[in-house]
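Have a look at the structure below, then the notes.
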Amino acid sequence: MGNCLKRSTTDDISLLRGSDSIREASSDPVGLPSYQEALSVQVPPPLYHPSPSVTRSVTQLTEEEQIKIAKRIGLIQHLPTGKYDGCKKIRECVICMGEFMVGDALRYLPCMHTYHMTCIDDWLMRSLTCPSCMEPVDAALLTSYETN
Amino acid sequence: MTERSPSKRRLHRELLSLIKEPPPGVSLDAEQIEQNLFLWTIHLEGAERTLYEGESFQLQFKFSDNYPFDSPEVIFTGEHIPIHPHVYSNGHICLSILTDDWSPALSVQSVCLSIVSMLSSCKEKQRPPDNAFYVKTCNKNPKKTKWWYHDDSV
Ligand SMILES: [Zn+2]
Ligand SMILES: [Zn+2]
(Lines give C-alpha, C1' and ligand atoms only; values in the text may rest on other atoms or scores of the structure.)
(Ligands and ions follow the chains in the order given, each with its own letter.)
Protein backbone atom coordinates (compact mmCIF):
# COMPACT_ATOMS: atom_id res chain seq x y z
CA MET A 1 0.00 0.00 0.00
CA GLY A 2 1.60 3.26 -1.03
CA ASN A 3 1.07 6.57 0.62
CA CYS A 4 -0.40 8.03 -2.49
CA LEU A 5 -3.79 6.41 -2.05
CA LYS A 6 -6.02 9.29 -1.17
CA ARG A 7 -9.70 9.15 -0.44
CA SER A 8 -12.14 11.86 0.31
CA THR A 9 -12.76 12.19 4.00
CA THR A 10 -16.52 12.35 3.57
CA ASP A 11 -16.44 8.76 2.46
CA ASP A 12 -14.31 7.79 5.39
CA ILE A 13 -16.79 9.17 7.82
CA SER A 14 -19.72 7.32 6.33
CA LEU A 15 -17.55 4.26 6.37
CA LEU A 16 -16.87 4.72 10.04
CA ARG A 17 -20.50 5.16 10.86
CA GLY A 18 -21.29 2.02 8.94
CA SER A 19 -24.39 3.62 7.46
CA ASP A 20 -24.84 4.55 3.81
CA SER A 21 -21.69 2.62 3.20
CA ILE A 22 -21.08 0.62 0.10
CA ARG A 23 -19.00 -1.70 2.17
CA GLU A 24 -21.10 -4.16 4.08
CA ALA A 25 -18.10 -5.97 5.46
CA SER A 26 -17.76 -3.48 8.27
CA SER A 27 -20.46 -4.55 10.69
CA ASP A 28 -19.03 -2.73 13.67
CA PRO A 29 -19.53 0.98 13.05
CA VAL A 30 -17.38 2.05 15.98
CA GLY A 31 -14.30 -0.07 15.48
CA LEU A 32 -11.49 0.79 13.15
CA PRO A 33 -11.43 -1.46 10.12
CA SER A 34 -8.76 -4.07 10.54
CA TYR A 35 -5.85 -4.21 8.14
CA GLN A 36 -6.93 -7.51 6.66
CA GLU A 37 -10.41 -6.31 6.01
CA ALA A 38 -9.13 -3.23 4.26
CA LEU A 39 -6.84 -5.33 2.12
CA SER A 40 -9.33 -8.03 1.28
CA VAL A 41 -11.93 -5.66 -0.14
CA GLN A 42 -9.27 -3.83 -2.15
CA VAL A 43 -10.13 -0.34 -1.03
CA PRO A 44 -7.43 2.05 0.07
CA PRO A 45 -7.25 2.36 3.85
CA PRO A 46 -9.27 5.30 5.18
CA LEU A 47 -7.44 8.42 6.23
CA TYR A 48 -7.47 9.68 9.79
CA HIS A 49 -6.40 12.91 11.42
CA PRO A 50 -4.77 12.30 14.80
CA SER A 51 -4.41 16.07 14.93
CA PRO A 52 -5.98 18.63 12.59
CA SER A 53 -3.11 19.07 10.19
CA VAL A 54 -1.93 15.46 10.19
CA THR A 55 -3.37 12.97 7.73
CA ARG A 56 -2.46 9.29 7.89
CA SER A 57 -3.96 6.10 6.64
CA VAL A 58 -5.01 3.59 9.25
CA THR A 59 -1.93 1.44 8.64
CA GLN A 60 0.37 4.34 9.47
CA LEU A 61 -1.19 5.16 12.81
CA THR A 62 0.66 4.40 16.00
CA GLU A 63 -1.18 2.34 18.56
CA GLU A 64 -1.62 5.45 20.67
CA GLU A 65 -3.20 7.31 17.77
CA GLN A 66 -5.52 4.40 17.04
CA ILE A 67 -6.78 4.49 20.60
CA LYS A 68 -7.19 8.25 20.44
CA ILE A 69 -9.20 7.99 17.24
CA ALA A 70 -11.34 5.10 18.48
CA LYS A 71 -12.17 7.16 21.58
CA ARG A 72 -12.95 10.14 19.44
CA ILE A 73 -15.34 8.14 17.27
CA GLY A 74 -17.03 6.92 20.45
CA LEU A 75 -17.43 10.47 21.73
CA ILE A 76 -18.82 11.76 18.45
CA GLN A 77 -21.42 9.01 18.42
CA HIS A 78 -22.67 10.10 21.81
CA LEU A 79 -23.52 13.57 20.56
CA PRO A 80 -27.25 13.95 19.96
CA THR A 81 -28.55 13.88 16.41
CA GLY A 82 -31.86 14.67 14.82
CA LYS A 83 -33.58 15.66 11.62
CA TYR A 84 -34.20 19.24 10.58
CA ASP A 85 -37.87 20.02 11.09
CA GLY A 86 -37.94 23.44 9.48
CA CYS A 87 -37.34 25.29 12.77
CA LYS A 88 -36.69 28.96 12.00
CA LYS A 89 -34.11 29.42 14.76
CA ILE A 90 -31.46 27.59 12.83
CA ARG A 91 -31.22 28.00 9.09
CA GLU A 92 -27.73 27.42 7.84
CA CYS A 93 -24.83 25.07 8.38
CA VAL A 94 -21.73 27.28 8.62
CA ILE A 95 -19.48 24.47 7.45
CA CYS A 96 -20.99 23.91 4.00
CA MET A 97 -22.77 27.29 4.06
CA GLY A 98 -25.89 25.55 2.81
CA GLU A 99 -29.37 26.09 4.18
CA PHE A 100 -30.87 23.26 6.18
CA MET A 101 -33.57 21.37 4.32
CA VAL A 102 -36.38 19.57 6.10
CA GLY A 103 -35.21 16.03 6.79
CA ASP A 104 -31.46 16.79 6.79
CA ALA A 105 -29.54 14.81 9.40
CA LEU A 106 -28.23 17.19 12.06
CA ARG A 107 -25.88 16.94 14.98
CA TYR A 108 -26.21 19.10 18.09
CA LEU A 109 -23.11 20.08 20.02
CA PRO A 110 -23.17 20.72 23.79
CA CYS A 111 -22.75 24.47 23.14
CA MET A 112 -26.07 24.32 21.21
CA HIS A 113 -24.51 24.96 17.83
CA THR A 114 -26.00 22.75 15.14
CA TYR A 115 -24.54 21.41 11.89
CA HIS A 116 -25.22 18.83 9.24
CA MET A 117 -24.09 15.52 10.67
CA THR A 118 -21.81 14.79 7.70
CA CYS A 119 -20.25 18.25 7.87
CA ILE A 120 -19.50 18.35 11.59
CA ASP A 121 -18.38 14.73 11.87
CA ASP A 122 -15.72 15.40 9.28
CA TRP A 123 -14.42 18.27 11.41
CA LEU A 124 -14.72 16.52 14.77
CA MET A 125 -12.51 13.72 13.47
CA ARG A 126 -9.82 16.40 13.19
CA SER A 127 -10.58 18.56 16.16
CA LEU A 128 -13.05 18.14 19.00
CA THR A 129 -14.05 21.78 19.06
CA CYS A 130 -17.11 23.65 17.87
CA PRO A 131 -16.20 25.55 14.68
CA SER A 132 -18.40 28.50 15.67
CA CYS A 133 -17.47 29.10 19.31
CA MET A 134 -14.32 26.97 19.67
CA GLU A 135 -15.85 25.35 22.75
CA PRO A 136 -14.21 21.95 23.34
CA VAL A 137 -16.79 19.24 22.74
CA ASP A 138 -15.27 16.51 24.84
CA ALA A 139 -15.06 18.40 28.13
CA ALA A 140 -18.80 19.01 28.18
CA LEU A 141 -19.46 15.41 27.19
CA LEU A 142 -17.28 13.93 29.87
CA THR A 143 -18.99 15.90 32.60
CA SER A 144 -22.39 14.83 31.30
CA TYR A 145 -21.25 11.19 31.45
CA GLU A 146 -20.31 11.59 35.07
CA THR A 147 -23.61 13.15 36.12
CA ASN A 148 -25.63 10.42 34.37
CA MET B 1 -23.67 20.29 -11.35
CA THR B 2 -24.55 17.28 -9.23
CA GLU B 3 -20.92 16.16 -9.44
CA ARG B 4 -19.73 19.17 -7.47
CA SER B 5 -17.56 18.24 -4.52
CA PRO B 6 -18.42 19.73 -1.10
CA SER B 7 -15.37 21.99 -1.28
CA LYS B 8 -16.41 23.33 -4.69
CA ARG B 9 -19.96 23.85 -3.55
CA ARG B 10 -18.86 25.81 -0.55
CA LEU B 11 -16.34 27.90 -2.53
CA HIS B 12 -19.04 28.69 -5.01
CA ARG B 13 -21.38 29.84 -2.25
CA GLU B 14 -18.63 32.03 -0.81
CA LEU B 15 -17.97 33.53 -4.21
CA LEU B 16 -21.64 34.38 -4.73
CA SER B 17 -21.91 36.05 -1.35
CA LEU B 18 -18.70 38.05 -1.88
CA ILE B 19 -19.97 39.25 -5.26
CA LYS B 20 -23.28 40.22 -3.70
CA GLU B 21 -21.92 41.93 -0.61
CA PRO B 22 -18.19 42.57 -0.82
CA PRO B 23 -16.76 43.85 2.48
CA PRO B 24 -15.29 47.38 2.27
CA GLY B 25 -11.90 47.46 0.55
CA VAL B 26 -12.21 43.92 -0.82
CA SER B 27 -12.75 43.16 -4.50
CA LEU B 28 -12.24 40.21 -6.81
CA ASP B 29 -12.41 39.11 -10.41
CA ALA B 30 -15.30 36.66 -10.33
CA GLU B 31 -14.81 35.46 -13.89
CA GLN B 32 -11.22 34.52 -13.25
CA ILE B 33 -12.16 32.67 -10.08
CA GLU B 34 -14.92 30.76 -11.88
CA GLN B 35 -12.15 29.35 -14.13
CA ASN B 36 -10.39 27.85 -11.13
CA LEU B 37 -12.33 27.81 -7.90
CA PHE B 38 -9.31 26.57 -5.96
CA LEU B 39 -7.15 29.63 -6.65
CA TRP B 40 -8.43 33.10 -5.86
CA THR B 41 -6.80 36.48 -6.22
CA ILE B 42 -8.32 39.16 -4.03
CA HIS B 43 -7.65 42.87 -4.18
CA LEU B 44 -7.36 44.71 -0.91
CA GLU B 45 -7.36 48.45 -0.32
CA GLY B 46 -5.60 49.80 2.73
CA ALA B 47 -8.28 51.24 5.02
CA GLU B 48 -8.72 54.98 5.34
CA ARG B 49 -6.99 56.73 8.22
CA THR B 50 -4.46 53.90 8.61
CA LEU B 51 -0.80 53.64 7.63
CA TYR B 52 -1.88 51.80 4.48
CA GLU B 53 -4.41 54.31 3.20
CA GLY B 54 -4.08 54.69 -0.57
CA GLU B 55 -2.12 51.46 -0.99
CA SER B 56 -3.50 48.39 -2.70
CA PHE B 57 -2.47 44.80 -2.30
CA GLN B 58 -3.17 41.39 -3.74
CA LEU B 59 -3.91 38.32 -1.69
CA GLN B 60 -3.73 34.84 -3.12
CA PHE B 61 -5.87 32.05 -1.66
CA LYS B 62 -5.14 28.42 -2.50
CA PHE B 63 -7.69 25.84 -1.40
CA SER B 64 -7.41 22.08 -1.14
CA ASP B 65 -10.08 19.46 -1.77
CA ASN B 66 -10.51 19.32 1.99
CA TYR B 67 -11.54 22.94 2.31
CA PRO B 68 -13.09 24.14 4.65
CA PHE B 69 -11.64 21.47 6.95
CA ASP B 70 -8.13 22.43 5.88
CA SER B 71 -7.28 26.11 6.03
CA PRO B 72 -6.54 27.89 2.76
CA GLU B 73 -2.97 28.86 1.92
CA VAL B 74 -3.02 32.67 1.97
CA ILE B 75 -0.17 34.95 0.90
CA PHE B 76 0.31 38.45 -0.41
CA THR B 77 1.37 38.40 -4.06
CA GLY B 78 2.25 40.89 -6.75
CA GLU B 79 4.46 43.93 -6.81
CA HIS B 80 3.43 45.46 -3.57
CA ILE B 81 3.73 43.48 -0.34
CA PRO B 82 2.66 45.52 2.69
CA ILE B 83 5.40 46.42 5.11
CA HIS B 84 4.09 45.09 8.39
CA PRO B 85 5.61 43.29 11.40
CA HIS B 86 3.64 40.11 10.58
CA VAL B 87 4.13 40.11 6.81
CA TYR B 88 7.35 38.73 5.34
CA SER B 89 8.78 40.24 2.19
CA ASN B 90 7.93 37.03 0.27
CA GLY B 91 4.25 37.56 1.09
CA HIS B 92 3.92 35.03 3.90
CA ILE B 93 1.66 36.15 6.73
CA CYS B 94 2.01 35.23 10.37
CA LEU B 95 -1.63 34.96 11.40
CA SER B 96 -2.82 32.16 13.66
CA ILE B 97 -6.24 31.67 12.04
CA LEU B 98 -4.43 30.55 8.89
CA THR B 99 -3.00 27.52 10.68
CA ASP B 100 -3.49 26.59 14.34
CA ASP B 101 -6.66 28.55 14.97
CA TRP B 102 -8.38 27.77 11.70
CA SER B 103 -12.01 26.64 11.91
CA PRO B 104 -14.37 25.65 9.08
CA ALA B 105 -16.69 28.44 10.25
CA LEU B 106 -14.11 30.91 8.94
CA SER B 107 -14.24 31.96 5.30
CA VAL B 108 -12.49 33.98 2.62
CA GLN B 109 -14.44 36.95 3.88
CA SER B 110 -13.43 36.52 7.52
CA VAL B 111 -9.79 35.93 6.57
CA CYS B 112 -9.80 39.13 4.46
CA LEU B 113 -11.35 41.07 7.31
CA SER B 114 -8.75 39.76 9.76
CA ILE B 115 -5.95 40.77 7.43
CA VAL B 116 -7.46 44.23 6.90
CA SER B 117 -7.76 44.66 10.64
CA MET B 118 -4.21 43.38 11.17
CA LEU B 119 -2.98 46.05 8.75
CA SER B 120 -5.21 48.72 10.24
CA SER B 121 -3.95 48.26 13.77
CA CYS B 122 -0.32 48.65 12.73
CA LYS B 123 1.48 51.57 14.37
CA GLU B 124 4.81 51.39 12.61
CA LYS B 125 5.60 50.02 9.19
CA GLN B 126 8.40 47.50 9.50
CA ARG B 127 9.24 43.97 8.40
CA PRO B 128 9.34 41.13 10.95
CA PRO B 129 12.70 41.13 12.76
CA ASP B 130 13.58 37.69 11.36
CA ASN B 131 12.55 38.56 7.80
CA ALA B 132 15.88 38.00 6.04
CA PHE B 133 16.47 34.62 7.63
CA TYR B 134 12.89 33.44 7.21
CA VAL B 135 12.64 34.37 3.55
CA LYS B 136 15.88 32.52 2.83
CA THR B 137 14.96 29.33 4.65
CA CYS B 138 11.18 28.93 4.58
CA ASN B 139 9.11 26.43 2.63
CA LYS B 140 7.17 27.81 -0.32
CA ASN B 141 3.98 26.86 1.45
CA PRO B 142 3.45 29.09 4.51
CA LYS B 143 1.35 26.35 6.10
CA LYS B 144 4.52 24.29 6.42
CA THR B 145 6.03 26.94 8.67
CA LYS B 146 5.94 26.19 12.35
CA TRP B 147 4.77 29.66 13.23
CA TRP B 148 5.63 31.09 16.51
CA TYR B 149 2.87 33.62 16.81
CA HIS B 150 3.87 37.14 17.63
CA ASP B 151 1.92 39.23 20.02
CA ASP B 152 -1.61 39.36 18.61
CA SER B 153 -2.19 42.91 19.74
CA VAL B 154 0.20 44.34 17.15
ZN1 LIG C 1 -23.43 21.44 6.27
ZN1 LIG D 1 -20.48 26.16 19.59
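The values are calculated or read from the model by the stated rules, or taken from the named source; none is laboratory data. Here the structure is a predicted model, which means the values were calculated and not measured. Backbone-built Cβ (ideal geometry, glycine too); neighbour counts: all protein chains shown.
Restricting attention to the stretch B:1-15, report how many residues are within 12 Å of chain A (Cβ to nearest Cβ) and either exposed (fewer than 12 other Cβ atoms within 10 Å of the Cβ) or of a type in the set (K, R) (or both).
Residues flagged as within 12 Å of chain A (Cβ to nearest Cβ) and either exposed (fewer than 12 other Cβ atoms within 10 Å of the Cβ) or of a type in the set (K, R) (or both) within the stretch B:1-15 amount to 5.
Sort through B:T145, B:T137, B:T99 and tell me the only one that's of a type in the set (S, T, N, Q), modelled with pLDDT under 95 and over 24 Å from B:T41 (Cβ atoms).
None of the others qualify; the one that does is B:T137.
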ask   = How many residues, within the stretch A:110-137, are under 18 Å from A:Y84 (Cβ atoms) and more than 12 Å from chain B (Cβ to nearest Cβ)?
value = 3
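Would you mind stating whether A:I76 is surrounded by 19 or more Cβ atoms within 10 Å (Cβ to Cβ), over 25 Å from B:L16 (Cβ atoms), more than 14 Å from chain B (Cβ to nearest Cβ) and within 16 Å of ligand 2 (Cβ to nearest atom)?
It is true that A:I76 is surrounded by 19 or more Cβ atoms within 10 Å (Cβ to Cβ), over 25 Å from B:L16 (Cβ atoms), more than 14 Å from chain B (Cβ to nearest Cβ) and within 16 Å of ligand 2 (Cβ to nearest atom).
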key: Index of the failed condition, B:P68 passing every other in (1) within 14 Å of another protein chain (Cβ to nearest Cβ); (2) crowded, with 21+ Cβ neighbours inside 10 Å; (3) without any contact (Cβ under 8 Å) to a residue 40 or more places away in the chain   = (3)
message = If A:G86 satisfies all but one of (1) among the small types (G, A, S); (2) surrounded by fewer than 16 Cβ atoms within 10 Å (Cβ to Cβ); (3) touching a residue at least 24 places away in the same chain (Cβ under 8 Å); (4) more than 14 Å from every other protein chain (Cβ to nearest Cβ), what's the number of the condition it fails?
response = (3)
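For every residue, the table says whether it meets (1) at pLDDT 90 or above; (2) within 15 Å of ligand 2 (Cβ to nearest atom); (3) closer than 19 Å to B:Y67 by Cβ; (4) not assigned by TED's automatic domain parsing to the domain that holds A:Y48.
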| position | (1), (2), (3), (4) |
| --- | --- |
| A:D85 | yes, no, no, yes |
| A:G103 | yes, no, no, yes |
| A:R107 | yes, yes, no, yes |
| A:L141 | no, yes, no, yes |
| A:N148 | no, no, no, yes |
note = Taking the stretch B:17-47 and the residues there that are exposed (fewer than 12 other Cβ atoms within 10 Å of the Cβ) and within 14 Å of chain A (Cβ to nearest Cβ), the one that is farthest from B:V116 (Cα to Cα) would be B:K20
task = Sort out which residues of the stretch A:94-103 are buried (at least 18 other Cβ atoms within 10 Å of the Cβ) and more than 8 Å from chain B (Cβ to nearest Cβ), and write them in order of number.
result = A:F100
request  = Go through the stretch B:48-63 residue by residue and tally those that are out of contact with any strand residue (DSSP E or B) (no Cβ under 8 Å at 6 or more places or on another chain) and either modelled with pLDDT under 95 or surrounded by fewer than 17 Cβ atoms within 10 Å (Cβ to Cβ) (or both).
outcome  = 5
